[in-house]
Amino acid sequence: MINLQPYENPQYFVYLLIALLPLIIGLYFGKRYKWYEALVSLAFIFLIFDADKWQQGVTLICYIVYQFLVTFAYQHYRKKTGKANKTWVFCLAVILAILPLVGVKIWPIVPHKQGIDFGFLGISYLTFKTVQVVMELRDGTIKQVDPVMYARFLLFFPTISSGPIDRYRRFVKDYDKAPSREDYIKDLSYAVRYLFQGFLYKFLLGWFFGTYCLPYLKQQAILAGRMYPLHLSWWLLGVMYCYSMYLFFDFAGYSLFAVSISYFMGIHTPMNFNKPFAAHNIKEFWNRWHMTLSFWFRDFIFMRFTFFAMKKRLIKNRNRLAQVAYLVNFMVMAVWHGLTWYYIVYGLYHALAIIINDIWLRFKKKHKLVKHNKFTEAVAIFVTFNVVCLSFLIFSGFLNNLWFNVPLGK
């Protein structure tokens with residue numbers, strides 16, 4: 001049977017591009033066939049959850065119904081009360097929106113019967129979208145959510161499983177009209193470019209680092225670990241760099257596929273990566289790495305916590321407030337990844353790295369220590385790259401296998 005999971009098999013693209021051909025022709029002539037696009041989206045979503053994944057498909061349907069009830073109940077409340085709406089109702093709406101995701105994250109550590117699972121592919125990214133809509137309804141930046149458009153936004157199949165995370169207002173702006181022929185030809189050129197770049201990243205470089213090199217390096221690192229427990233071998237260093245390259249090329253390739261297919265459909269889904277390993281510091285890295293997730297956490301965790309703490313005068317010193325906000329932001333991100341020690345340490349590691357980076361930048365600016373030149377920039381990039389790669393080694397969970405699942409002294 002052909003694997004029709006999103007972007008996992010080159011044959012997937014053959015079927016997908018054939019299915020999109022009528023839509024591409026329509027957009028070329030200035031017409032957006034919304035009914036056909038909805039049909040294709042539903043068909044490919046069905047193929048994701050067919051056969052042994054049918055339970056996930058049923059869960060997805062229940063999830064969408066649930067989120068519709070939460071979002072439109074809150075929208076109705078907003079219209080009814082106007083500016084007099086209560087903060088606790090907004091908080092309740094946000095809690096209800098994230099509740100299914102929280103349940104899915106907690107479920108693995110709760111004793112339960114094997115085979116029972118309430119999660120499905122893409123629940124995290126759908127939750128980010130629904131929470132964003134509820135929060136922007138509260139802010140007034142979204143005046144009204146249209147039910148049909150909301151369903152299309154949530155079930156936009158190129159990004160449903162792993163992002164990038166689009167914003168409702170930006171999506172509606174693209175979806176409400178067909179681009180001009182000149183603009184769509186540009187979209188097609190970008191779509192083709194991103195498609196081939198995605199193949200290079202995911203199926204060549206991602207395969208080389210993840211399938212060809214990484215298993216061998218892990219095996220050698222484990223053998224070295226058995227001889228010298230807790231010893232940081234050169235093999236472990238190889239695992240660190242190799243896994244970092246695999247993680248980037250695999251995920252960036254996947255994201256390029258999602259953006260490419262979106263452009264074929266006349267939707268400008270935002271890019272997820274922008275040369276992250278060329279970052280000069282850890283804060284710049286997070287402005288380049290998994291950008292839609294990073295910006296989502298910045299806007300809806302970091303900034304919200306900062307405004308709340310300032311309003312309640314919890315922390316008067318602005319520098320300390322920013323540091324606490326970083327800690328909250330990355331610990332929430334860590335827990336979202338999973339309730340394991342290495343994800344928690346990964347989040348704490350990045351929070352501390354950004355706090356240290358901010359302290360250094362303020363110190364350097366105050367004392368005018370170093371002027372920027374090519375050498376200092378190269379050093380900054382090198383240090384940042386290694387700081388990031390070490391964090392990815394922690395994130396990989398390999399240390400858990402190396403240090404805790406391998407008998408010491410054998």
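The values are calculated or read from the model by the stated rules, or taken from the named source; none is laboratory data. Keep in mind that this is a model prediction, so the values were computed, not measured. With ideal geometry, Cβ positions are generated from the backbone for all residues, glycine too; neighbour counts draw on all protein chains shown. The protein model used for the area step is the full one, side chains on, heavy atoms only, and it has no ligands, DNA or RNA in it. Shrake-Rupley method; radii C 1.70, N 1.55, O 1.52, S 1.80 Å.
Quick look at the values:
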{"item": "Residue that is open to solvent by 60 Å² or more (accessible area, probe 1.4 Å) and of a type in the set (Phe, Trp, Tyr), where the choices are Tyr184, Tyr212, Tyr201", "result": "Tyr212"}
{"item": "Residue check for Asn281: closer than 22 Å to Phe382 by Cα, surrounded by 17 or more Cβ atoms within 10 Å (Cβ to Cβ) and not small (Gly, Ala, Ser)", "result": "yes"}
{"item": "Unique residue being of a type outside the set (Gly, Ala, Ser) and over 21 Å from Gly140 (Cα atoms) when the list is Phe156, Phe171", "result": "Phe156"}
{"item": "Single match in Leu217, Leu247, Leu256 (criterion: in a helix (DSSP H, G or I), at pLDDT below 95 and not charged (D, E, K, R))", "result": "Leu217"}
{"item": "Residues (in a loop (DSSP other than H, G, I, E, B), of a type in the set (Gly, Ala, Ser) and surrounded by fewer than 18 Cβ atoms within 10 Å (Cβ to Cβ)) located in segment 124-161", "result": "Gly140"}
{"item": "Residue that is most open to solvent (accessible area, probe 1.4 Å), among those in segment 232-263 that are farther than 19 Å from Phe395 by Cβ and in contact (Cβ under 8 Å) with a residue 40 or more places away in the chain", "result": "Tyr263"}
{"item": "Matching entry among Arg288, Arg362, Arg304 (being under 25 Å from the mean Cα position of the chain (by Cα) and either hydrophobic (A, V, I, L, M, F, W, C) or in a helix (DSSP H, G or I) (or both))", "result": "Arg304"}
{"item": "For Val104: the one exception among (1) over 30 Å from Phe249 (Cα atoms); (2) open to solvent by less than 40 Å² (accessible area, probe 1.4 Å); (3) among the β-branched types (Val, Ile, Thr)", "result": "(1)"}
{"item": "Segment 217-229 residues that are surrounded by 14 or more Cβ atoms within 10 Å (Cβ to Cβ), paired with ones that are of a type outside the set (A, V, I, L, M) and modelled with pLDDT of 80 or more (beta carbon under 7 Å, 6 or more apart)", "result": "Leu217/Trp235; Leu217/Gly238; Leu217/Cys242; Lys218/Phe398; Gln220/Trp235; Ala221/Trp235; Ala224/Trp235"}
{"item": "Subset of segment 365-396 [part of a helix (DSSP H, G or I), polar (S, T, N, Q) and surrounded by fewer than 17 Cβ atoms within 10 Å (Cβ to Cβ)]", "result": "Thr376, Asn386"}
